[in-house]
Amino acid sequence: MSAGLPHFSVGWARCWGRDTFISFKGLLLIPRYFALAKNIIIMYASVVNHGLIPNLHSKGIHARYNARDATWFFIKSVIDYVEISQDFSLFDELITLQFPQNNM
């Protein structure tokens, strides 16, 4: 999800983890966009680095891990997703980590 439109709607500044997960419930779960919500969770989970969710995703190439609370908003969003969608299969998803050496 884009934050700071129109300035941050393209390129490296387009995907903001903190803003995505702050707005996650209202924009995705309440309107029942469960497939999209699940894909976003999986996408951000794939770029976990040292246990942190990036604040700026930037396709995972130049991700920026500069928000203390992005990970907590992510965890809350996972909980909300499962509670609202009742889709427990999220926990069976195989996540391919982009930084596996940093997450052991």
Item to complete: Being over 13 Å from Arg18 (Cα atoms) and touching a Leu at 6+ places or on another chain (Cβ under 7 Å) is the filter here, so list the residues in the range 38-77 that pass it.
Response: Lys38, Ser46, Val48
Practice prompt. Go through (1) loosely packed, with under 13 Cβ neighbours inside 10 Å; (2) within 14 Å of Gly17 (Cβ to Cβ) one by one and return the number of the condition Glu83 breaks.
Written response: (2)
Response to the item:
Within the range 37-52, of all residues that are buried (at least 19 other Cβ atoms within 10 Å of the Cβ) and either under 12 Å from Cys15 (Cα atoms) or among the acidic types (Asp, Glu) (or both), the one modelled with the lowest pLDDT is Tyr44
Discussion item. Against the conditions (1) outside any loop (DSSP other than H, G, I, E, B); (2) at pLDDT below 90; (3) of a type outside the set (Ser, Thr, Tyr), where does Asp80 fall short? Just the number, please.
Written reply: (2)
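The values are calculated or read from the model by the stated rules, or taken from the named source; none is laboratory data. This is a predicted model, so every value here is computed, not measured. Because the Cβ atoms are built from the backbone with ideal geometry, glycine has one as well, and the counts that use them run over all protein chains shown.
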